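Notes for the one structure printed next.
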Amino acid sequence: KFHHDCTPHHAERQMGPRVLTFFLYLTTIETGGGTKFPNLGELTIQPKKGRAVIWPNVLNDKPTTMDPRTAHQALPVEPGGIKFAANYWIHQRNWREVYKRGCI
């Protein structure tokens, strides 16, 4: 599904928007299963165990504005393949403190 990791309503919250996405592939997939960035010249990152990708979700000069270049989609894994990955979203401000104080 084509999507973006920037969630516009987060700009209004205390933790701010997701400024970066860190994505780690936990399995190697030979065919299919890549992460495709259509707005970056059809760039596709093929899953390989241990490979990490980091991309910006907002513009450098406008840190609450979505960067349209990094909209992406997970391509289907070929039959018989299994894809495991982990992601971590880095917010503009410390979201853990916000939750700890009960502000959300």
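Read-outs: derived from the displayed coordinates by stated rules, not from any lab. Worth saying up front: this structure is predicted, and the values here are computed from it rather than measured. Ideal geometry is used to build each Cβ from the backbone, glycine not excepted, and the neighbour counts take in all protein chains shown.
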Cα gyration tensor shape of the chain, rounded if a/c is under 1.5, else prolate or oblate by comparing a/b with b/c: prolate
Amide H contacts of V77 (H built 1.01 Å from N, under 5 Å, at least 5 apart or other chain): G33
Most positive-pole-ward Cα, T35, V98, A11, against dipole of the chain from beta carbon charges: V98
About the Cα centre, charge dipole magnitude for the chain (Lys/Arg +1, Asp/Glu -1 at Cβ), debye: 360 debye
Excluding exposed DSSP-loop trypsin sites (Lys or Arg not before Pro) (at most 10 other C-beta within 10 Å), longest clean stretch of the chain: 2-100
Label zone at T27 (point 7 Å along Cα-to-Cβ), backbone N below 16 Å, the stretch 74-100: 74-87
Cut-off under 5 Å, modelled amide H: who pairs with T44 long-range: F37
In nm, spacing of pseudo-spin labels at F84 and T44 (7 Å Cα→C-beta vector): 2.4 nm
GNM result for the chain, Cα springs below 10 Å: residue of F37, F84, F23 fluctuating most strongly: F84
Sites matching GluC sites (Glu not before Pro) across the stretch 10-61 that sit in DSSP coil, with at most 13 neighbouring C-beta atoms within 10 Å: E30, E42
Full-extension gain in nm, F2 to V98, via 0.36 nm per residue minus C-alpha separation: 31.6 nm
Inter-label distance for R51 and L20, nm, one decimal - labels placed 7 Å from Cα along Cα-to-Cβ: 2.0 nm
